[in-house]
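*Asks:* I'd like to ask you about the structure that follows.
The values are calculated or read from the model by the stated rules, or taken from the named source; none is laboratory data. Note that this is a predicted model, so its numbers are computed, not measured. With ideal geometry, Cβ positions are generated from the backbone for all residues, glycine too; neighbour counts draw on all protein chains shown.
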């Protein structure tokens, strides 16, 4: 159904109409640069904050429609159309380079703002099969892996031994904590590969998601990388 919405506070703009959505949703946040802006979507409302001016509140939350891989919320603000589009497409922050799981577009009146949204950690979670270590495929017969948990822990198979440790993801990048491993001895090719793999892992400072969905971990100090693909 359609409701007429009054001004919520003195600092918000009047939302003319909105379609009531009965489905509860989690809080979603998006942002963009040049100019800086942010948007927050909850189960109750959408709040868009431009770099200058007052925040715009759309409430109650409009019912979304699907447009390809995007979820689109439409309403109007003081007679001008308002649209929030959240696409399931990886987006890299234009300033930090941090990858985000969603591409976000806000259109209000004649202005359009494009940026990133969602939680970057969701791009890491799960188990990954290592495809390249410093530009080379793993040695035949080896299956190095890497897995990120939601509680900030990581583990995997280094090539010979199991390893474990922690990771920290901030707005500036991805770093690894102290990494421990079992002490089983293997043939030299695997031991050398494992040593390089763990050494690169310890130096990781950032990550990206390739166009093919691969996880690329960058050791910015040495310029080395680890490329991994999700385990089906």
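*Asks:* When residue 162 is evaluated against the numbered criteria (1) touching a strand residue (DSSP E or B) at 6+ places or on another chain (Cβ under 9 Å); (2) within 30 Å of residue 34 (Cα to Cα), which criterion, by number, is the only one it fails?
*Replies:* (2)
*Asks:* Another one. For region 94-107, give me the residue count where each residue is in contact (Cβ under 8 Å) with a residue 40 or more places away in the chain and within 18 Å of residue 49 (Cα to Cα).
*Replies:* Of the residues in region 94-107, 2 are in contact (Cβ under 8 Å) with a residue 40 or more places away in the chain and within 18 Å of residue 49 (Cα to Cα).
*Asks:* Which number in (1) in contact with a strand residue (DSSP E or B) (Cβ under 9 Å, 6 or more places away or on another chain); (2) within 15 Å of residue 228 (Cα to Cα); (3) loosely packed, with under 15 Cβ neighbours inside 10 Å marks the one condition that residue 136 misses?
*Replies:* (1)
*Asks:* Which of the following residues is closer than 27 Å to residue 198 by Cα, more than 23 Å from the chain's Cα centre (by Cα) and surrounded by 14 or more Cβ atoms within 10 Å (Cβ to Cβ): 144, 101? Let's see the steps before the verdict.
*Replies:* Values: 101 fails: more than 23 Å from the chain's Cα centre (by Cα).
Of 144, 101, the one residue that is closer than 27 Å to residue 198 by Cα, more than 23 Å from the chain's Cα centre (by Cα) and surrounded by 14 or more Cβ atoms within 10 Å (Cβ to Cβ) is 144.
*Asks:* Which condition from (1) within 24 Å of the chain's Cα centre (by Cα); (2) touching a residue at least 12 places away in the same chain (Cβ under 8 Å) is the one that residue 65 breaks?
*Replies:* (2)
*Asks:* Something else about it: Taking region 23-36, which residues are assigned to a loop (DSSP other than H, G, I, E, B) and at pLDDT 85 or above?
*Replies:* If we filter region 23-36 for residues that are assigned to a loop (DSSP other than H, G, I, E, B), which is where we start, we get 23-27, 33-36.
Once the filter is applied, which keeps residues that are assigned to a loop (DSSP other than H, G, I, E, B) and at pLDDT 85 or above, region 23-36 yields 26, 27, 33, 34, 35, 36.
*Asks:* Out of 77, 20, I need the residue that is modelled with pLDDT under 95, surrounded by 19 or more Cβ atoms within 10 Å (Cβ to Cβ), touching a strand residue (DSSP E or B) at 6+ places or on another chain (Cβ under 9 Å) and not assigned by TED's automatic domain parsing to the domain that holds residue 214. Which one?
*Replies:* Numbers: 20 fails: surrounded by 19 or more Cβ atoms within 10 Å (Cβ to Cβ).
Only one candidate qualifies: 77.
*Asks:* Now for a separate question. So how many residues does region 37-65 have that are in a loop (DSSP other than H, G, I, E, B) and touching a strand residue (DSSP E or B) at 6+ places or on another chain (Cβ under 9 Å)?
*Replies:* First pass over region 37-65, keeping only residues in a loop (DSSP other than H, G, I, E, B): 42-45, 50-55, 59-64.
Filter once more, keeping what is touching a strand residue (DSSP E or B) at 6+ places or on another chain (Cβ under 9 Å): 42, 45, 50-51, 55, 59-64.
The qualifying residues number 11.
*Asks:* Let me ask another. For region 88-111, give me each residue that is in a strand (DSSP E or B) and either farther than 16 Å from residue 46 by Cα or in the same structural domain as residue 206 (by TED's automatic domain parsing) (or both). Don't jump to the end; show me each part of the working.
*Replies:* Let us first name the residues in region 88-111 that are in a strand (DSSP E or B), namely 91-92, 99-100, 102-108, 111.
Across region 88-111, the qualifying residues are 91, 92, 99, 100, 102, 103, 111.
*Asks:* Now, a different point. Is at least one residue of region 206-215 over 20 Å from residue 90 (Cα atoms) and buried (at least 17 other Cβ atoms within 10 Å of the Cβ)? Outline the logic, then answer.
*Replies:* Filtering region 206-215 for residues over 20 Å from residue 90 (Cα atoms) gives none.
No, region 206-215 has no match at all.
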